[in-house]
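The values are calculated or read from the model by the stated rules, or taken from the named source; none is laboratory data. Quantities reported herein were computed from a predicted structural model and do not represent experimental measurements. In this analysis, Cβ positions are derived from the backbone assuming ideal geometry, glycine residues included, and neighbour counts consider all displayed protein chains. Heavy atoms of the whole protein, side chains included, go into the accessibility calculation; ligands, DNA and RNA do not. Shrake-Rupley method; radii C 1.70, N 1.55, O 1.52, S 1.80 Å.
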Amino acid sequence: MPRTISTHRRRETWDLPEVATRLLLASPVESALPVVAGIARSVGLSVYRSGGLLDITDDRDGVGVERLFDRLSRELTTAEAEVLRVAADPPGEYTALVTRLLTAPTLAVELARRGNTAEVGVLAEAELWSVYQPIVSLTDGAVVAHEALLRGLADGREVGGGDLFFVAESADWLPRLDRIGRECAVSGAAPWLGDADLFVNTHPTSVHRPESDLESTRQLMDDAGLDPGRLVIEVAEPPAVTEHGHLLSVLERYRELGWRVALDDVSAGWASRELLATVRPDVVKLGKRLVQALPDPGARTMVRWVVDAAHGVGAQVVAEGVEDERTAEEVTGLGADLGQGWYFGRPVVLEPESATV
């Protein structure tokens, strides 16, 4: 059995906000500022308003500001928090002050980073690594690939990738965690991957400048001596639908680097049809919910449509969420090429001597 101890763990330092005694808040939405001003006064803070700007000061060494953040997290809507920008303890010099305001996070991000709306400790104190789930050929059961899944250890408990990315997105750290996820995946798999493919999830919207943002992953692949064609980048369908222009520029860079592209969690519908024609992926992954709905007739029809459409653009089809022999036989009969799920193996840490077991 694979060992569960990895030598490829990493700990990152995340810049968390410190206690503040002064806040500047700005918003183009006039109705948001009076609400904040009223809450600030109710917790004993001094408030000065000028146009679209609030200047809030605390004479109690930050205790009042912390109470304000707590109240704002409970009393403002998400939409209100998103249209407010906040600069804590701003500098006095004019140019520095303007720069701080222009680069200030939204109140929603500030609240998340302070732990008012997201458990930042889950990410900020976590040790990070990748586990790997096998992807097998449905024809002969041979392991042909592994999907890397990010994990964290915080306060002695293991944290799943979904929670890590939720906190990262809330605190505006998604691009950084997305990069870390790719790097953990490659460095953890390099000693044992061999000729198998490596599937790695990514968020296209977290890649702002493809040439520079993907460079560390390219360098890791090169340093490890891994064939670029072994790397398969999974792109989730929802962001792909809403960010077509940016998605295509990122995909172009993936392919320039020799990487392959997988569309994740694809279902039958107009969005999937458009994506398959536009992206022309190398791999299409059937979502777990769709696969596990089999043998429902409607699910069978959807699976057949996706399989036919994927094969029509030259893509392989991976059925995710295969947890028993019946489902494995069902997806094989419907034309899927590869399978992934607990029936074939759970996500584990792999080491060189155990990767082929």
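Table for the structure above
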| read-out | value |
| --- | --- |
| Most to least packed among 224-233, 128-137 [average Cβ atoms within 10 Å] | 128-137, 224-233 |
| Hydrodynamic radius of segment 42-161 per Kirkwood, over alpha carbon pairs, in Å | 18.0 |
| Using alpha-carbon coordinates, inclination of helix 270-279 to the longest axis of the chain, degrees | 80 |
| Degrees separating the helix 244-256 axis from the principal Cα axis of the chain, which is the longest one | 60 |
| Extension gain, ASP59 back to SER42 (0.36 nm per residue minus Cα-Cα distance, nm) | 4.7 nm |
| Under-5 Å amide H pairs with LEU84, H placed in peptide plane, nonlocal only | LEU107, ALA108 |
| Selection of GluC sites (Glu not before Pro), segment 248-357, meeting DSSP coil and at most 15 other Cβ within 10 Å | GLU323, GLU353 |
| Segment 209-216 - phi-based ³J(HN,Hα) in whole Hz, Karplus 6.51/-1.76/1.60, Gly and Pro as x | 10, x, 4, 8, 5, 9, 5, 5 |
| Length-normalised contact order for segment 176-224 - Cα pairs under 8 Å, 6+ apart - percent | 55 |
| For the chain: Kirkwood Rh in Å [reciprocal of mean 1/r, alpha carbons] | 22.6 |
| Burial ranking of peptide ranges 75-86, 152-163 (average Cβ count within 10 Å, highest at the top) | 75-86, 152-163 |
| Three-way shape label, segment 155-264, alpha-carbon gyration tensor, a/c 1.5 | oblate |
| Residue-averaged [θ]222 nm for the chain, counting only DSSP H segments that reach four residues, each worth -39500 (n - 2.57) | -12000 deg cm²/dmol |
| For the chain, accessible area per residue (1.4 Å probe, heavy atoms of protein chains only), Å² | 46 |
| For segment 107-224, Kirkwood radius (reciprocal of mean inverse C-alpha pair distance, Å) | 15.4 |
| ³J(HN,Hα), Karplus 6.51/-1.76/1.60, whole Hz, each residue of segment 322-328, x for Gly, Pro | 7, 10, 7, 5, 4, 5, 4 |
| Computed E for ALA96/THR278 - FRET, C-beta separation, R0 35 angstrom, nearest 0.05 | 0.20 |
| Segment 1-107 - percent relative contact order, Cα under 8 Å, separation 6 or more | 30 |
| Whole-percent carbon and sulfur share, accessible surface of the chain, 1.4 Å | 50 |
| In degrees, nearest ten, helix 297-312 long axis to first principal axis of the chain (Cα) | 80 |
| Extension gain from HIS246 to ASP223, taking 0.36 nm per residue of separation minus the Cα-Cα distance | 5.4 nm |
| Nearest-0.05 FRET efficiency for ALA236 and GLU158, computed from C-beta distance (R0 25 Å) | 0.65 |
| Debye equation applied to the C-alpha atoms of segment 180-220, log10 I(q)/I(0) at 0.18 Å⁻¹ | -0.54 |
| Global form of segment 33-99, assessed from the alpha-carbon gyration tensor, a/c cut-off 1.5 | oblate |
| Charge context of VAL159, other residues only, Cβ under 11 angstrom, K/R +1, D/E -1 | -4 |
